[in-house]
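Below: one structure, written as structure tokens.
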Amino acid sequence: MTVQILKATIAHARGIARVYVDAWRATYAGLLPARALTGMSHDRQTVEWAHQIRHKGLHCPILVAFDDRAGVVGMTSFGKSRIEDRPASAPFLAGNPDFGSGEIFTLYVHPDHQDRGIGRRLMGAAFAGLRERGLSKAYVWVLDSNPARYFYERMGGRYIADRDEELWGVPVSQAAYGWPDLVAAQSRLGLVRQSRIG
Ligand SMILES: CC(C)(COP(=O)(O)OP(=O)(O)OC[C@H]1O[C@@H](n2cnc3c(N)ncnc32)[C@H](O)[C@@H]1OP(=O)(O)O)[C@@H](O)C(=O)NCCC(=O)NCCS
């Protein structure tokens, strides 16, 4: 099985939607209100991701991990920090100039394909994509209670802040992990991999 990291095209929209919905349901059951998960559908997410690819791809690139047999098995999107649609980030960015500028918006690996190094590859590709856009540092928000926060620690992220945001009518605690130097972060990802092989 060969997994390639590719720039998302419209042809990937359904595969992205499958990864997104299945990963949300597997990860967030018990952490987010049930209606947020039961209200999701592969069809609606396909339309949403097709829209994102068509209209936002330039400013918010989307990459997929594409398995030659299983199709899309992971995805990530990233770009310049979004403050306008997430005002809860504004005080965080003002207080953390070392981390603001680039943001990982989404990173999901399908539950059937986790723990195969795909998340690490997507992270490395997102860091490279951010650097191509002139962004030298980055952060990601993760649910406080999501075990994925330890993945970000493994990827060299530094725990830098918390915020509470109202989502689906309930307060949701989130933690931010940051990388103040994406060049160093990328080389660290390579070193971790080498030490694993060795
Ligand atoms: C978090 C996620 C992206 C990681 O992707 P993955 O492909 O499973 O991870 P990888 O196989 O690339 O793991 C890379 C390293 O991180 C470690 N790791 C992965 N998940 C981890 C976790 N939850 N806690 C601690 N370490 C973790 C792996 O053991 C591996 O370690 P190594 O360097 O010793 O090899 C994936 O599990 C996922 O999509 N989870 C559900 C959705 C989610 O929560 N996304 C984040 C939203 S903010």
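The numbers here are math on the coordinates, done by the rules we state, and not lab data. The structure presented is a predicted model; accordingly, all values stated were derived computationally and were not measured. Heads up, the Cβs are rebuilt from the backbone with ideal geometry, glycines too, and the neighbour counts pull from every protein chain shown.
Among W24, W49, which comes first, second and so on when ranked by fewest other beta-carbon atoms within 10 Å?
If I rank by nearby Cβ atoms, fewest first, I get W24, W49.
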Inset, instruction - Decide, for region 6-89, between rounded, prolate and oblate: order the square roots of the alpha carbon gyration tensor eigenvalues as a ≥ b ≥ c, take rounded if a/c falls under 1.5, and otherwise choose prolate if a/b is larger than b/c, else oblate. - result: oblate
Inset, instruction - With springs only between Cα atoms under 10 Å apart, run a GNM on the chain and tell me which of M123, M40, M155 wobbles the most. - result: M40
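Taking 0.36 nm per residue of sequence separation and subtracting the Cα-Cα distance, how much length would be gained by fully extending the chain between A128 and K7, in nm to one decimal?
Fully extending the segment from A128 to K7 adds 42.3 nm.
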Legend entry - Theoretical gain in end-to-end length, A26 to R158 [0.36 nm per residue, Cα-Cα removed]: 45.0 nm
Inset, instruction - Would you list, by chain and number, the lysines whose Cα falls below 20 Å from the Cα of K137, excluding same-chain residues fewer than 8 positions away? - result: K80
Inset, instruction - Starting from the Cα gyration tensor of the chain, multiply each eigenvalue by 5, take the square root, and state the resulting semi-axes largest first in whole Å. - result: 23, 22, 17
Legend entry - Theoretical FRET efficiency, 1/(1+(r/R0)^6), r = Cβ-Cβ of R188 and A34, R0 35 Å, to 0.05: 0.40
